[in-house]
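Undergrad: Take a look at the following structure, please.
The values are calculated or read from the model by the stated rules, or taken from the named source; none is laboratory data. This is a predicted model, so every value here is computed, not measured. Note that each Cβ is placed from the backbone with ideal geometry, even for glycine, and that neighbours are counted across all protein chains shown. Heavy atoms of the whole protein, side chains included, go into the accessibility calculation; ligands, DNA and RNA do not. Shrake-Rupley method; radii C 1.70, N 1.55, O 1.52, S 1.80 Å.
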Amino acid sequence: MKNIFIVFLAFISANAFSQSSFKVPKYEKFKLKNGLTVYLMEQHEVPLINVSAVFDAGSIHDGERFGLANLTADALLFGTKKYTKPQIEEMIDFVGASVNTYAAKDMAGITSSFAVKDQEKLFDIIQQMLLHPVFDQSEFDKYRARTVQQLIQQKESPRAVIGNYFNAFVFKNFPYANPDAGTKPAVEKLNAADAKAFYESNYTTGKGAIAVVGDFKTAEMKTRITNLFGGWKTAESRMIKRVAPDLDFDKSRVLLVDKPDARETTFLIGGKGIDYLSADYVPVLVINTILGGRFTSWLNDALRVNSGLTYGANSRFSRMKYAGTFSINTFTKNSTTVPAIDMALSVLDSLHKTGINEEILSSAKSYVKASFPPAYESSGALARLLTDMFVYNFDESFINTFQAKVDGMTTAKAKEIIDTHFPKDKLQFVLIGKADEIRDQVKKYGEISEKQLKADGF
């Protein structure tokens, strides 16, 4: 019942926010003496508080121990010096709060949402998780076993793993090739001591931030956060210089991943995209909306609505700190693999040859402007926005100028963006399907290499 109430309050907050002019609300940013960056944003519509904490502890630091960042983040919930794992779970459930951990490529962290009246208890739990995790071996062993089974099961669903194959194929030796959840052989070798060492090296205050958004007074919350985290002493933050990976391919390539019992082929077609801070993000988003970013996109119309070759097709730009990718994604019956790929390529080609007229551009601009505010309409989303600003080093002007940038799009700019950021040749193809049925047909798309879906790794 309490969970339902909190969801209802969040809905009210979301509607109140979306009806106002869309600007990032006022917030305060400061740094504790130990280097931890803090963001505080008051939102008084409902009696809720949302917390987002991030650290430079993503899978980019896994090395050969794939999945270590992911398991370390999850292990923060396995117990602390003060609370056992069951106690943490019972306290969170009893008040209808949420506390979650995660690890992505560029970061790892904690998110939490709770009622104002429960803040003392929840802040205590969050502080314990961040400052005093114990990495209990028995809990770690149980979770690792479940993770291994999940990784095995994922191999039965090509759509669940094709992104990992694609990243490994295009990023090669750059750490973005690492599968965030890990691989079966890598995860099986990990233990609680590995997670503890990873935590001690990467959860450092010098490269960490915490954002608190909700119903509080800034001065009081500043005192609370300082008292909770000001005395936290961690290892020195590591300065790692990375060179962005070269994704300018010299030829088209095909990775065929064999699933002998497959009745359909799942495929990604793509190449170089844009990094997180690209100045062209907004126009790229507008054009991609037309190509494959909404249900009425060209790709979905062609492959689903008009031809019935698939139940859905889309395109996306995945943006990360040092690089990004562009991909077209869909699936089809074994017998229609080549027609579906050819049609997807034809749609991409038409983007270049036909271009975008004023009517199509106007429709896409309206769609993007209407879709953007809801992405940041809740207090939880605003907390994540603030910590994203820390990780990717941008400020509120990105949000505050978004709609103006959309309005500034012209057909001439659209052509420039298409030519620059939507690859039309030297494409990279990843297909998961029955190799014996499609191998000879897909050779025409580029130099082909093969893997077995059941094999360990990617």
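Undergrad: Of the heavy-atom accessible surface of the chain (probe 1.4 angstrom), what whole percent is carbon and sulfur?
TA: Numbers: 10510 of 20640 Å².
Within the chain, the accessible surface is 51 percent carbon and sulfur.
Undergrad: Also, I was wondering about something else. Using the crude model of +1 on Lys and Arg Cβ and -1 on Asp and Glu Cβ, and no other charge, please compute the dipole size for the chain relative to its Cα centre, in debye to 20.
TA: 340 debye
Undergrad: Multiply the residue gap between Ser307 and Asp436 by 0.36 nm, knock off their C-alpha separation, and tell me the result in nm, one decimal place.
TA: Values: separation 129, 0.36 × 129 = 46.44 nm, distance 2.51 nm.
Length difference between fully extended and current span is 43.9 nm.
Undergrad: May I pose another question? Report ³J(HN,Hα) in whole Hz for each residue of the range 282-287, in order, from the Karplus equation J = 6.51 cos²θ - 1.76 cosθ + 1.60 where θ = phi - 60°; Gly and Pro get x.
TA: Coupling constants for the range 282-287: 5, x, 4, 4, 5, 5 Hz.
Undergrad: Using alpha-carbon pairs under 8 Å, 6+ residues apart, how would you state the relative contact order of the chain in percent?
TA: Answer for the chain is 23 percent.
Undergrad: Something else: Hey, which aspartates and glutamates would be in cross-link range of Lys233, C-alpha to C-alpha under 18 Å, not counting anything within fewer than 8 residues on its own chain?
TA: Output for Lys233: Asp56, Asp124, Glu200.
Undergrad: Can you give me the Cα centroid spacing of the range 59-120 and the range 406-448 in angstrom?
TA: Result: 38 Å between the Cα centres.
Undergrad: Right, another one. Report the label-to-label distance for Asn191 and Leu277 in nanometres (one decimal), using points 7 Å from each Cα along the Cα→Cβ vector.
TA: Spacing of the two 7 Å Cα→Cβ label points: 4.1 nm.
Undergrad: Which of the pairs Lys26/Lys81; Lys105/Lys443; Lys33/Lys241; Lys85/Lys117; Lys184/Lys251; Lys105/Lys222 have their Cα atoms more than 28 Å apart in this structure?
TA: Exceeds cut-off: Lys26/Lys81; Lys105/Lys443; Lys184/Lys251; Lys105/Lys222.
Undergrad: How much FRET efficiency would the formula 1/(1 + (r/R0)^6) give for Phe249 and Asn400, where r is the Cβ-Cβ distance and R0 is 25 Å, rounded to 0.05?
TA: 0.10
Undergrad: To the nearest 0.05, what FRET efficiency results for Ser237 and Asn100 with a Förster distance of 30 Å applied to their C-beta separation? Don't skip to the answer; put the middle values down first.
TA: Details: r = 24 Å, r/R0 = 0.81.
Once the sixth-power term is evaluated, E becomes 0.80.
Undergrad: With a probe of 1.4 Å, find how much accessible area the range 259-340 has per residue, and write the answer as a whole number in Å². If you can, show how the numbers build up before the last one.
TA: On the way: 3100 Å² over 82 residues.
Here the per-residue accessible area is 38 Å².
Undergrad: Moving on. Tell me which aspartates and glutamates have Cα within less than 18 Å of Lys415's Cα, excluding those fewer than 8 residues away on the same chain?
TA: Asp280, Asp349, Glu358, Glu359, Asp407, Asp425
Undergrad: Calculated FRET efficiency, Gln150 and Glu450, Cβ-Cβ r, R0 25 Å, to nearest 0.05?
TA: In this case the efficiency is close to 0.50.
Undergrad: Where does the charge balance sit around Glu447 when Lys and Arg score +1, Asp and Glu -1, over other residues with C-beta under 10 Å from its C-beta?
TA: Around Glu447, the charge tally is +3.
Undergrad: Okay, moving on. Determine ³J(HN,Hα), in whole Hz, for all residues of the range 432-444 in sequence, where each value follows from phi through the Karplus function 6.51 cos²θ - 1.76 cosθ + 1.60 and θ = phi - 60°; x replaces Gly and Pro.
TA: With the stated coefficients, the range 432-444 comes to 10, x, 7, 4, 4, 8, 10, 3, 5, 6, 8, 4, 5 Hz.
Undergrad: Still on this structure: Could you report the range 124-245's accessible area per residue, 1.4 Å probe, as an integer in Å²?
TA: 47 Å²
Undergrad: Taking the range 360-407, which trypsin sites (Lys or Arg not before Pro) meet the DSSP loop condition and have no more than 15 other C-beta atoms within 10 Å?
TA: none
Undergrad: Ranked from highest to lowest mean number of other Cβ atoms within 10 Å per residue, what is the order of the peptides 371-380, 63-72?
TA: Top of the packing list down: 63-72, 371-380.
Undergrad: Per residue of the range 138-154, what does 6.51 cos²θ - 1.76 cosθ + 1.60 with θ = phi - 60° give for ³J(HN,Hα)? Whole Hz please, x for Gly and Pro, Karplus curve as stated.
TA: Each residue's phi maps through the Karplus curve to give 5, 5, 4, 4, 5, 5, 4, 4, 5, 4, 4, 5, 5, 5, 5, 5, 4 Hz.
Undergrad: Still on this structure, I have one more. Report which label in (i) 26.0; (ii) 24.7; (iii) 22.1 holds the value of mean projected area of the Cα convex hull in nm² derived from the coordinates of this structure.
TA: Among (i) 26.0; (ii) 24.7; (iii) 22.1, the one derived from this structure is (iii).
Undergrad: So how much slack lies between Gln87 and Glu200, counting 0.36 nm per residue of separation and subtracting their Cα-Cα distance, in nm?
TA: Residue separation times 0.36 nm, minus the Cα-Cα distance, leaves 38.3 nm.
Undergrad: Rank by packing, highest mean first: peptides 305-317, 408-420, 163-175, with packing defined as the count of other Cβ atoms within 10 Å averaged across residues.
TA: Peptide ranking by packing, descending: 163-175, 305-317, 408-420.
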